[in-house]
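A.B. asks: Sharing a structure, written as structure tokens. Questions coming.
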Amino acid sequence: MTTYEYGYARVSTTAQDLTRQIDALKGAGIPEERIYVDKKKGADFEREGLGAVLAQLRPGDVLTLPELDRIGRTFLKCIGIFNDLRQRGIHIRALGGALPFDTRNGDDDPQTLLAVAMGSVVAQLELKYQRERRASARASREANGKSWGRPREIDRASVLEDLEEMSVMKVAAKHGIGRATVFRIKAEAKEG
């Protein structure tokens, strides 16, 4: 029976780059046509690339990950996927992270089980800490009267009008924008 190695890489947002992870998988011998990717958060397990690679795997195949947390960021779900693959006779290899492992060395190897458990716990803790940091940053910005989230639409005409009577610093403060934005609006007005 022919077995294959597949790779899976994931980043959380479309703005992030997968190149480093894909290069690591290629460097580990995974052909590009067998590398699946997603640009979705690790807590969301409804991912096209993950679903496709899991459906593709057959007994004896190997799923290679740059790091275990690329599978996901919740302990129980990661352990569930690991156990499901193990029961199906599929091996998992994590190239990096706190404890790299390869289940071809023996699924019941205590070091492998520790790596999977610890990696899953650390991934979930990191997700929790990220959420806490974002909430804290948001509360701090709001307490200081600063906006949060997508910037509001800037009234360019009002900025240009205020520039006739005020300094760039005062206009920026009044409109809640940066000096660079004021200079950009000013330059665009001269061009247009």
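Every number in this text was worked out from the coordinates using simple rules, so none of it is lab data. A quick note: this is a predicted structure, and the numbers were derived from the prediction, not measured. A quick note on method: Cβ atoms are made from the backbone with ideal geometry, for glycine too, and the neighbour counts reach across all protein chains shown.
A.B. asks: Residues of the range 19-39 being surrounded by 18 or more Cβ atoms within 10 Å (Cβ to Cβ), of a type outside the set (A, V, I, L, M) and out of contact with any Pro (no Cβ under 6 Å at 6 or more places or on another chain), which ones?
C.D. replies: Of all residues in the range 19-39, those surrounded by 18 or more Cβ atoms within 10 Å (Cβ to Cβ) come to 21, 24-25, 30, 35-38.
Pick out the ones that are also of a type outside the set (A, V, I, L, M) and you get 21, 36, 38.
Of everything in the range 19-39, those that are surrounded by 18 or more Cβ atoms within 10 Å (Cβ to Cβ), of a type outside the set (A, V, I, L, M) and out of contact with any Pro (no Cβ under 6 Å at 6 or more places or on another chain) turn out to be 36, 38.
A.B. asks: Which members of the range 52-74 meet the condition of being more than 15 Å from the chain's Cα centre (by Cα) and either crowded, with 18+ Cβ neighbours inside 10 Å or closer than 18 Å to residue 13 by Cα (or both)? Before you say what the answer is, go through the steps one by one.
C.D. replies: Step one: list which residues in the range 52-74 are more than 15 Å from the chain's Cα centre (by Cα), which gives 52-64.
53, 54, 57, 61, 62, 63, 64, listed by residue number.
A.B. asks: I've got another one for you. What are the residues in the range 25-73 that are in contact with a Gly (Cβ under 7 Å, 6 or more places away or on another chain) and not in a loop (DSSP other than H, G, I, E, B), if any?
C.D. replies: 25, 34, 35, 36, 37, 38, 64, 68, 69
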